[in-house]
Structure formats: C-alpha cells, structure tokens
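Each reported figure results from applying straightforward, stated rules to the coordinates on display, with no laboratory input. Owing to the predicted nature of the structure, the values given are computational and were not obtained by experimental measurement. Because the Cβ atoms are built from the backbone with ideal geometry, glycine has one as well, and the counts that use them run over all protein chains shown.
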Amino acid sequence: MALIQSYWQNFISLFGAARIPINDIHQLEKSAPDLLVYALPLVFFCTALECGFSHFAEHKSYEKKETVGSVFIGLGNLAVNLLMKAVLLYGAVWIYNILPWRMSLNWWTLIPCFIIYDCCSYWSHRISHFNRFFWATHVVHHSAEHYNLTVAFRQSWVQHFKTVFFIPVALMGFNPVIFFVASQLSTLYQFWVHTEAIGKLHPFIEKYFGTPSNHRVHHGSQEKYLDKNFGATFMIWDHLFGTFQYEEEQPIYGLTTPVENKTNPFILNFHEYRDMIKDVKQSDGIREMLFFIFASPGKIYKHKLTHSKKPKVRINSSSSSSSSSSTKNTLKFAGILLMIILLLSESLHVFSQPLKKGYEQETSGLPTPKGENLLFFLQRNPDANTVIYELNFKSDGVLDRENPVKGSWIRYTEQIKYKELTGIERRFAYGVKCKALPNDEYEIRLVAYKKMPLYLKRSEIDNKYKIYIKDEGKDLLLKRVFVRVNGGSFWFPKVEYIDLITVNSASGMEFLKRIEI
C-alpha cells in the first residue's frame, strides 16, 4: 500500500512543474536537441547510396528533373523550419505556461507524447487529403512520379498551417522540449519509408507500423490506393478508422493530374493555390466558391469533370451557336460593366453645402483639439477619441520632407493620453501617404480613402503650412473630418457618410463636403 501511495505521489508531483520564463526561451532553444540537423549526414549518405544503386539497376527509381526539384524543395523547407523554430517554441512555451497541469522534463514522458503526437499526425494527414485548403499544403509531397528517398524532402513550405492539428498535444502539458523531440522523431521516422529498395517486412510489422510497403500504397494513384494508409509511425490508427490497405500491386506514383514543371520549387509548392484561385474566380456564387476552397480534391475533380461535359444548346447550326455564344458573352460582360458603373455612381455621392447650425448637434458631444502644429483632426461617432494630424518636424525644427504629416491619438476616454498610431493603424486605417510636389507643396492622401487628394502648402495669409482641398478650382481649408457610423460591428462598421468641414480661404465661409457611402 505504501508503495502504491509513493508511486501516486510521484505521479502527482509530475504535474507541478514551474513555468518557463520567457527570458529563458533562448536557452531552452539551445538545450532542445536539433535531431534533424544531426541526422542530415546520414540522410544524404543513404540518399546518395540509393541513387547510385538506381543508376546501375534495371529499374530506375530516380529521374534527374524530379530529383533536382526535390532537393530545391528540401533546402527551402529547411530554411523555413529554421525561421519557424523560434515562433513555434514561443507558442509551445506560452501554452505550457497557462496550463495548470504542466509536466516536468522527464525522458519517459516522450513515450506517451510520441503516441499522442502520432495520432494527431494521422488526423492532420487524413484531413489534408479531404480538405483542399490543407491539401494545398501537402500536394507537393505527392507530386513526384518516382518513389525514392528524395520524396521525403518534398515537404510544403507552408505546412505549418497544419500546426493547428497538434495543439491537443501541447494542451496535454508536455514539456516543450519533449514536444519538439517527438515532432522531430516522427519526421525522421518517415524518411526511410520513402523507398522501393525495401520490400515487405514481417507481417506483424507490416500490420502495425509504417513501412515502405505501406507508404508506397499511400503514394499510389490507383483508385484502390487513393486516401489510404495515413499513419506516420503506427498503422493502428488506419485499422481503427478504416483506412488501411496492404500493397497488392505495383503502385503508380504521382498525382491524378501531373504537374508539368518538375524542377521549379515555387510551382511545385504553390500550383494548387493558383488552381484554387482560378476556380474561385470562375465559381457561381458563394456556395460554389467555398466548395472549391474546402471540399475534397476528389469531389472537386469530379465536379469539374461533370460540369465540363454538360452539353451545350445548339441553335440552327454550329456557326449560329458560336455567334450566339459570342453575343451572350458580350452582353454578359456589358451587363456586368453597367452594373459596376451604376453601383459606383450610387454608392459614392459627393456634395457640398454651407455649414448649417443643425450640424453642430451631430458633433456637439465631441471635443475640439488645439495645437500649434495641428492641421486637421478625424472623429467618428460615438467615440470621443480623436486622431489628430500635425506637421512632422525633425529634431532640428525642420519639416520632414519625406513624411511631412504625422497622425496620432488623443485618448479622451483615457485621461487625454497622447498615443502614436500602431503599424496596422498607419497602414490600413488612419495613416497618410505623402508625395512631394513643386513649389514646396505636398499631396496627402488618407490610406482609408485614397480617392480624394489633400494638399499641404503654405497659406498666403500667414505663410504657415495648412491642408487644403480643391473644389471647383477653389482652395478649401480642411479643419475636421467626421465619420458617421450607423450600426455594424467594431471591425466592420456601417459607414453612412464622411463629412469634411472646410473653410473657403477667400470668403472665410465654412462648408460641409459630404461623401455618402
């Protein structure tokens, strides 16, 4: 009884590991063994040996262009993995630190971690064959028409999209070092199964483990072999979920629709994305568009095959059919063009009118910022926080000619705090693009509405820089921008109109220039 209690206490203590400080991640990265790098000499030796045997053997398992393509893909994938290592490690440590059941670093935890990782690998692999979005991250691995060790190099440069399938392993609480060792062991195991040099092994091994014979089936393009044997190390998952198939005849390798270019790593990696975009552009509605993105590649192939075989309606003769088809396409194009013109003309309407007192009620609750270098400011209901646009001077007091205007926040809801715009806000929401013009003038465009140019130039009255809008040959001084929001969400607000409050430089009269959306 005491022995059982002792084992139980040791088991409980396993889940009380301390958090890993973020500052120690660099040291953790060094301590995590990079097994893939260590194994590279052996990998290259075995590959060269197999290639040499293939050269002198009657059956050629290597083809020059395919081999070059595989090497290029492998080198690119190695570079991507080195870049992603730190990112994935930070993510694994972050998950590890938020869990209350963190496991300490013990060698034997690698065993359950590896088994669970292999199960997740099965589902990641299987879903990659039945979902086109993930198939695009895996198709490069099946594009070779010869089966040899270099096929293992054909790992997609964007395969890290599939990291989402391995989050359950991280949520189990395994130490990040154990997690990454399990991942590398799984990758190394899958190298040796990509060969024709090894035949069938003992029946027990063939039934329960990933072998060259089992994986040759997976790469076969015959109907009986399609979407079979997804297991990486253990085939038990294929037996449990009904996807196991023994090798019964010589597989025919490659894709059902082969890739013509065999050496360009960019085409081999991204040709499926190119085809996906093409299908989406030709799709008939949102439903078919989503079908082309997320449906099974097999279903998409049959769908396209079926639709391409639909008989065309003939009228009188082949010539009249051709003429009718041409006329129909022309009318369709003209109709679409007309629709676009009408939408644009109705969705964007600009008019100007003198500023009325009733407008003050719209903005009465919003503050009016002041400042010596203030050019204009932007507000939106119902938020009191304001984006101000000021002259941007260098440390020596000279105007920055590359970026003469800068935007920043006045956070009225946070005790009037001044904050710089974030990179995303500058690029997509509140930033400005500046272009130098002759006569010490600048063209300024808001990134959120680039159609209307603003002009930064010196005033004839006080020789100070100010922002103007040109309207019917007149310069209108811009003071304020107001965005009227009516519903929608935070990320997708429903904008009714944008108001530009301006002043006629000659008469001093204020004008409201409204852009209806």
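Structure above, values below:
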| quantity | calculated |
| --- | --- |
| Neighbour net charge for residue 54 - beta-carbon separation under 13 angstrom, K R +1, D E -1 | -3 |
| Net charge dipole size for the range 13-265 [Lys, Arg +1 and Asp, Glu -1 on Cβ; Debye, nearest 20] | 580 |
| Pairwise centroid distance, computed over Cα atoms, of the range 40-86 with the range 191-258, Å | 20 |
| Alpha carbon Rg of the range 13-265, scaled by the compact-globule rule 2.2 N^0.38 Å | 1.05 |
| Leading residue at positive end of dipole, the range 13-265 (Cβ point charges), from 36, 62, 167 | 167 |
| Student exercise, the range 63-171 dipole from Lys, Arg, Asp, Glu Cβ charges, in Debye to nearest 20 | 180 |
| Three principal axis lengths of the range 236-283 [C-alpha, angstrom, descending] | 39, 27, 17 |
| Radius 12 Å from Cβ of residue 407, net charge of other residues (Lys, Arg +1; Asp, Glu -1) | +2 |
| Net charge, residue 503 excluded, C-beta distance under 13 Å - Lys, Arg +1, Asp, Glu -1 | +2 |
| Nonlocal Lys pairs with alpha-carbon distance under 19 Å, the range 13-265 (8 or more apart, or different chains) | 9 |
| Percent of C-alpha pairs per 5 Å bin, the range 199-242, short to long | 5, 25, 32, 26, 11, 1 |
| Rg(Cα)/(2.2 N^0.38 Å) for the range 154-294, N = residue count | 1.25 |
